[in-house]
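This report concerns only the one structure given below.
Each reported figure results from applying straightforward, stated rules to the coordinates on display, with no laboratory input. Quantities reported herein were computed from a predicted structural model and do not represent experimental measurements. No Cβ is skipped: glycine too gets one built from the backbone with ideal geometry, and neighbour counts run over all protein chains shown.
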Amino acid sequence: MSAKVNAPSALQRAGAKIKALLEMIKFSHTVFAFPFALIGVVLAADASAQLPTLAQLLWICVAMVGARSAAMGLNRIIDARIDAQNPRTEERHIPAGKVSMLEAWIFVVVSVLLFELAAWMLNPLCFYLSFVVLFFLVLYAYAKRFTMYAHLILGLCLAAAPIGAWIALRGDVHISIILLGLAVLLWVAGFDIFYALQDLDFDREHGLYSIPVSLGAEKSCLLVRWLHGGMVVLLLLVWLSAGLGWLYLIGVAVVAALLVYEHSLVKPEDLSRLDAAFFTMNGYISIILFVFVLADVTVLR
C-alpha cells in the first residue's frame, strides 16, 4: 500500500524538478534559434535537391536542444553567485534554491552528451566541429568577466544553428549559409545588447563588461540599429547567393518591419517594454523568416 501511495508523489516531485530545470534554462527561448536551424535544413535540402531523412531531422533537433540546454545550464551555474547579488536575477532557480548545483551539473552533463551523440550520428565533420561549439559555449559563460564583446560571442554560438544544420545534411559549407549565420550573429548580438541595458548599473558597480557598460545606453541603442540593419543586408545577400525568390524577399521585408518596431519599443531612458521587444518580437522574427523560406522553396521551385 505504501508503495502505491508514495509512487504518485515521487512522480510529481520528478515532474516538478524537470519543470524547474527547463524553466532555469528558459527552454521556451529555444524559439529564437531553432527556426534558423530549420532554415539551414531547408536551404541545404534545396541545394541538394534531396529531402532529409527523419533520422537526420531527429538528430539535428537533438543537437540543437542539447547544445542550447548545456549552454544555458552552464551559464546559470557559472553566474549563480552574480545572480544572487543582482536584484533582477536573485530569484533565478539556483540562487533561490529551486535547483541545486548538483542537479544543474547533471543536467549540463546529460545535455552535452546528447549534443555529442547527435553530432556523432549526423556525420564526422559535425562531430569534430561540435567541440569547437562547446568551446565557444563555455567562453560565452565567462566572457562578461573580461570582455565587452560577450554579445558577439553569444551571436556566434547561435549562428552555429543554421550552419550546423547545413553541415549535418551536406557535409560542407556554402557562402549562402555563412551569410545566414552572420545575419543570425548580428541579430542575436543586437538583442542581447538590448537585454544587457537593464543590468547597466549593476554591471558597472561589480566590474562586469558589456557594450552598454562601455558605450552607455544611448550609443548602445544606436549600435544595435546598425547591427540589425546589417542583418537585413546579409539576409538580402542570402537571397542572391541561394537563388531564392520573391516570397523570401517578402519575409525579409516583414523581418525588417518587426526590427523597426522592436527598436521603437526600447529607448535608452525607458526599458519598460523591453520584454515585449526581446521575447515577443524576436520570437516572431525567427518563425516568420522560416515560414517564408519554406514557402519560397516549396512553392517557387
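Some values worked out for this structure:
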quantity: Filtered residue count, the stretch 9-61, keeping only those that are part of a helix (DSSP H, G or I) and under 17 Å from the mean Cα position of the chain (by Cα); calculated: 19
quantity: Search result, residues across the stretch 262-285 that are part of a helix (DSSP H, G or I) and not aliphatic (A, V, I, L, M); calculated: Glu262, His263, Ser264, Asp275, Phe278, Phe279, Thr280, Asn282, Gly283, Tyr284
quantity: All positions within the stretch 60-78 that are over 15 Å from Leu158 (Cα atoms), surrounded by 23 or more Cβ atoms within 10 Å (Cβ to Cβ) and not basic (Lys, Arg); calculated: Gly73, Leu74
quantity: Test: Gln85 is more than 23 Å from the chain's Cα centre (by Cα) and touching a residue at least 60 places away in the same chain (Cβ under 8 Å); calculated: yes
quantity: Candidates Leu227, Leu259, Leu235, Leu244, filtered to the one that is surrounded by 16 or more Cβ atoms within 10 Å (Cβ to Cβ) and outside any helix (DSSP H, G or I); calculated: Leu244
quantity: Sole exception among (1) among the basic types (Lys, Arg); (2) over 18 Å from Pro162 (Cβ atoms); (3) under 20 Å from the mean Cα position of the chain (by Cα) for Arg68, by number; calculated: (2)
quantity: All positions within the stretch 171-185 that are aliphatic (A, V, I, L, M), in a helix (DSSP H, G or I) and surrounded by fewer than 24 Cβ atoms within 10 Å (Cβ to Cβ); calculated: Ile175, Ile178, Leu179, Leu182
quantity: Cross-chain or 6+ apart pairs with Cβ under 7 Å, the stretch 146-168 first and touching a residue at least 40 places away in the same chain (Cβ under 8 Å), then among the hydroxyl-bearing types (Ser, Thr, Tyr) and surrounded by 24 or more Cβ atoms within 10 Å (Cβ to Cβ); calculated: Met148/Ser210; Ala150/Ser210
quantity: Any chance Val260 is of a type outside the set (Ser, Thr, Tyr) and more than 17 Å from Ile178 (Cβ to Cβ); calculated: yes
quantity: Tally of residues being of a type in the set (D, E, K, R) and in contact (Cβ under 8 Å) with a residue 40 or more places away in the chain across the stretch 236-279; calculated: 3
